[in-house]
Amino acid sequence: AMLAEPITNFAFELLDLPAAQVAFTGLRINDQDETLYVLSEVLDDPAYLKAHFADPGGVLFKAEVGSSLTYVGDDPSAYAASFSQETRQNDADAAALIDFARFLTQSDDATFARELPEHLDTGSFATYLAITNLLVNNDSIAGMNNNYYLYLDESAGRFSLLYWDGNESLGGLAM
């Protein structure tokens, strides 16, 4: 029962996609029996970003439950229900996320197809979707629009979608 996240992380690592390091630990509180837990590395740690990106100084956004990449205007606060900014927290840094949402929402089909790789690492995104769906992780962008991060690698000039929190993989979340 505690293998869903480690197995999912391992699958991402096998395909050269960023994944948090995980470990098991036991915890005993007072006289209760020891309980097994999975510990997972946090993605907003500078060490995680440095390990996975040539430019670890980019902007990291965490998706909230039911997040949406729909363009809803230029006010950064309009995106607060969908994303929390985890690094470089000021309104100017949300501009790239807003521009990305505008592109996704307002581009015609031809522009979208031609320019998407300029805005998103499409290769890693396709692999992310394949693994997420293969391992039946509905608690992700492929299901509840949850448990993922967007990282703006400013040197590459585009976003990467980062997997996070696979504890509901392997069909653990009934929908």
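Among the listed values (i) 1.00; (ii) 1.10; (iii) 1.14, the one computed from these coordinates for Cα Rg over 2.2 N^0.38 Å is (ii).
Note on the chain: antiparallel DSSP beta bridges, both residues inside, total approximately 95 percent of the bridges counted.
Spatial offset of the stretch 106-170 relative to the stretch 49-102 amounts to 14 Å, using the alpha carbon center of each. Counting Lys and Arg as +1 and Asp and Glu as -1 over every other residue whose Cβ lies under 13 Å from the Cβ of Q21, the net charge comes to -4.
Scanning residues 5 or more positions from V136 or on other chains, those with amide H under 5 Å from its amide H are L170, with H placed 1.01 Å from N in the peptide plane. The residues packed around R114, meaning those with a beta-carbon under 15 Å from its beta-carbon, carry a net charge of -3 if Lys and Arg are +1 and Asp and Glu are -1. Heavy atoms of the protein chains alone define the surface here; on that basis the chain has 53 Å² accessible area per residue at 1.4 Å probe size. Taken along its three principal axes, the alpha carbon spread of the stretch 86-153 comes to 36, 33, 20 Å, from the longest extent down to the shortest. Quote the charge dipole size of the stretch 28-111 about the Cα centre in Debye, to the nearest 20; the model charges only the Cβ of Lys and Arg (+1) and of Asp and Glu (-1). Roughly 100 debye for the stretch 28-111. To the nearest ten degrees, helix 95-106 and the longest principal axis of the Cα atoms of the chain are 70 degrees apart.
Packing, taken as the mean count of other beta carbons within 10 Å per residue, orders the peptides 102-110, 121-129, 152-160 from highest to lowest as 152-160, 121-129, 102-110.
Report the GluC sites (Glu not before Pro) located in the stretch 17-68 that are in a DSSP loop and have at most 11 other Cβ atoms inside 10 Å of their Cβ, or state none. Listed in order of number, the matching sites are E34.
Estimated from helical segments only, the mean residue ellipticity of the chain at 222 nm is -9500 deg cm²/dmol, where each DSSP H run of four or more residues counts as -39500 (n - 2.57). To the nearest 20 debye, what is the magnitude of the charge dipole of the stretch 44-164 about its Cα centre, counting +1 on the Cβ of each Lys and Arg and -1 on the Cβ of each Asp and Glu? Taking the Cα centre of the stretch 44-164 as origin, the dipole is about 280 debye. Pick from N90, N133, N146 the residue whose mean-square fluctuation is largest in a GNM of the chain, springs joining Cα atoms under 10 Å. Result: N90 has the largest fluctuation of those listed.
The values are calculated or read from the model by the stated rules, or taken from the named source; none is laboratory data. Nothing here was measured: the structure is a model prediction, and the numbers come from that model. Virtual Cβ from ideal backbone geometry, glycine too; neighbours counted across all protein chains shown. Accessible surface is based on the protein model in full, side chains and every heavy atom, while ligands, DNA and RNA are left aside. Shrake-Rupley method; radii C 1.70, N 1.55, O 1.52, S 1.80 Å.
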